[in-house]
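Take a look at the structure set out below.
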Amino acid sequence: MVRVKKIPQRMCVGCREMKNKKALIRVVKTPEDLVMIDTTGKKSGRGAYVCPDEHCLQQAIKSKGLEKSLKTKISPEIYNNLKEQLPKEPLPQNEP
């Protein structure tokens, strides 16, 4: 009997949809209170996930989803850095 491997699911703080963890961008607040994009997905700290598109990031900013998830105030320059670091092309969605 073949066991089906579970694919970790996370919720986007912008659109509030559950998606594959690998298809989302992780934003992390480190123990030193730095907020940054976690490209490895393994940095220590409190994490929040957002879809790799501008619309979801705008929704997360509007609803303060990242601030609520990370339990910290996020300055506008951090949001600008996040916008710059978003991929120019949408990442492929690996939906089952």
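Read the figures in this text as sums done on the coordinates, not as results from a lab. All values derive from a computational prediction rather than experimental measurement. Quick reminder, even Gly has a Cβ in these numbers, built from the backbone with ideal geometry, and neighbours come from all protein chains shown.
Checking the Cα-Cα distances for 21/43; 19/83; 6/64; 42/64; 6/83 against a 22 Å cut-off, the pairs over it are 6/64; 42/64; 6/83.
Considering only beta bridges that DSSP places wholly inside the chain, some 90 percent are antiparallel.
For a quick check of your reading of the filter: which trypsin sites (Lys or Arg not before Pro) in region 31-74 sit in a DSSP loop and have no more than 14 other Cβ atoms within 10 Å? Show your work: numbers first, answer last.
On the way: sites: 42, 43, 46, 62, 64, 68, 71, 73; in loops: 42, 43, 64, 71, 73.
When the trypsin sites (Lys or Arg not before Pro) of region 31-74 are filtered for loop state and at most 14 Cβ neighbours within 10 Å, 42, 64, 71, 73 remain.
DSSP loop GluC sites (Glu not before Pro) in region 1-86 with at most 13 other Cβ atoms within 10 Å of their Cβ, which ones? Show your work: numbers first, answer last.
Working: sites: 17, 32, 54, 67, 77, 84; in loops: 17, 32.
Answer in residue order: 17, 32.
Over the chain, dividing the summed -39,500 (n - 2.57) contributions of all DSSP H runs of at least 4 residues by the number of residues returns a 222 nm mean residue ellipticity of -7000 deg cm²/dmol.
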